[in-house]
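Presented below is the structure to which this report refers.
The values are calculated or read from the model by the stated rules, or taken from the named source; none is laboratory data. Being a predicted model, the structure only gives us computed values, none of them experimental. Because the Cβ atoms are built from the backbone with ideal geometry, glycine has one as well, and the counts that use them run over all protein chains shown. Accessible surface is based on the protein model in full, side chains and every heavy atom, while ligands, DNA and RNA are left aside. Shrake-Rupley method; radii C 1.70, N 1.55, O 1.52, S 1.80 Å.
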Amino acid sequence: MALTPEDVVTKQFQHVRFKEGFDPDEVDDFLDEIVVEWRKVIAENEELKAKLAAYEATRGARGRGVRSCR
């Protein structure tokens, strides 16, 4: 299963007592930044896939049209 931004948002960690660790608020803030950027990349990727599919469909249609004119 691929990791999604929602997986990052909903991930829960156990708090450990008596051990040093990271500030949970700082970690949460950083993960929020990651999720925002990750969602932008996913949206851009989907947009580029759609553009590529449209280009390939147009290119294929042109190729079929040229062949039929011969």
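Assorted remarks:
- Selection from region 3-22 of residues that are open to solvent by 80 Å² or more (accessible area, probe 1.4 Å) and either part of a loop (DSSP other than H, G, I, E, B) or at positive phi (or both): Leu3, Lys11, Gln12, Phe13, Gln14, His15, Val16, Arg17, Phe18, Lys19, Glu20, Phe22
- Residue within region 6-27 that is at pLDDT 85 or above and of a type in the set (Lys, Arg) present: no
- For Thr58, the conditions (1) exposed (fewer than 10 other Cβ atoms within 10 Å of the Cβ); (2) at pLDDT 85 or above; (3) β-branched (Val, Ile, Thr) all hold with the exception of (1).
- Note on region 23-46: residues that are outside any helix (DSSP H, G or I) and surrounded by 10 or more Cβ atoms within 10 Å (Cβ to Cβ) total 0.
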